[in-house]
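Trainee: One structure, pasted below without further comment.
Throughout, read-outs are computed from the coordinates displayed, never taken from laboratory work. Being a predicted model, the structure only gives us computed values, none of them experimental. Ideal geometry is used to build each Cβ from the backbone, glycine not excepted, and the neighbour counts take in all protein chains shown.
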Amino acid sequence: DQSVGGGGFSGGGFGDAFSDIFGDIFGGGGRSRVRKGADLQYNLELTLEDAVSGTTVKIRVPTLKHCTTCSGSGAKPGTSAETCSTCGGHGQVRMQQGFFSVQQTCPNCRGKGTTISDPCNTCHGAGRVKEHKSLSVEVPAGVDNGDRIRLSGEGEAGDASAPSGDLFVQIHVKPHPIFERDNADLYCEVPISIVTAALGGELEVPSLEGRLNLKIPAGTQTHKQFRMRGKGVKPVRGGPIGDLICRIVVETPVKLSAEQKQLLEQFAQSMDKAGKKHSPNENSWIDSMKKFFEDMKS
């Protein structure tokens, strides 16, 4: 059984907790307990592409399995565990504390109710041995950082008659050189030249589905965002597909030749003659700055 979830590990139910409390106070429920195997966690790194599209990953997990020599009993073959002489097989002992009689875990058998006088030579009485388990993990499309895939029964083996724990595969998505993910949306920066920003144009931008055409209107400024709907991620828990948001970055040209510098100077002079017409944001900022310093003087 495999499922995707988030949050912390789940523990035992309230029924067990209340039965323990009232059993201790009123003397009920003295019995040996078998322990479920421990849950395990495996950290799985994925590329953004694999997280979005889904994949199958082979993993090897260090764990504990039942000893095949003694079938998990901990006793040497041909022998068996014996009823604990301290608790009589209940796994608990009663301690008198004033007016109350309190039950505690038996210190001799540690709550199992049995002891082993002739332990298995393979597991030395533990009933379990170390192994590396190979598993295939089906990663569903749309998983994100922090998601966990639960593989029921793939954790450590429990006591001989107890169920195994679960394995939780923790998803870690590696940083991508182009895209940043925010829930179902993808973001990417698109550098353009000052010529394209001023005059407009059309260019190709990347997406996880391939190349897309993006129209740049004349007069586009840095930080302008263009949303390409439905080109993001389909969430693993359902819902609409996200968008691809392209953030524009206007690049300042570098390493100019003498001729290019001269042309830019001529262009700057023509811009000055036009006043506020071509650079409204810059001139608005300059006016605000002048007013700021004038207010400081007054």
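Trainee: Using the Karplus curve 6.51 cos²θ - 1.76 cosθ + 1.60 with θ = phi - 60°, work out ³J(HN,Hα) for each residue of region 219-231 in order, rounded to whole Hz, and write x for Gly and Pro.
Mentor: x, 5, 9, 4, 6, 5, 10, 10, 9, 9, 5, x, 10
Trainee: How many times 2.2 N^0.38 Å is the alpha carbon radius of gyration of region 51-181?
Mentor: Normalised by 2.2 N^0.38 Å, the Cα Rg of region 51-181 equals 1.57.
Trainee: With a sphere of radius 11 Å drawn around the Cβ of Gly54, what net charge do the other residues whose Cβ falls strictly inside it have (Lys, Arg +1; Asp, Glu -1)?
Mentor: Residues close to Gly54 contribute a combined charge of -2.
Trainee: In addition: What area, in nm² and to one decimal, does the C-alpha convex hull of region 129-288 cast on average over all directions?
Mentor: 16.8 nm²
Trainee: To continue, here is another question. Where does the charge balance sit around Glu202 when Lys and Arg score +1, Asp and Glu -1, over other residues with C-beta under 14 Å from its C-beta?
Mentor: +1
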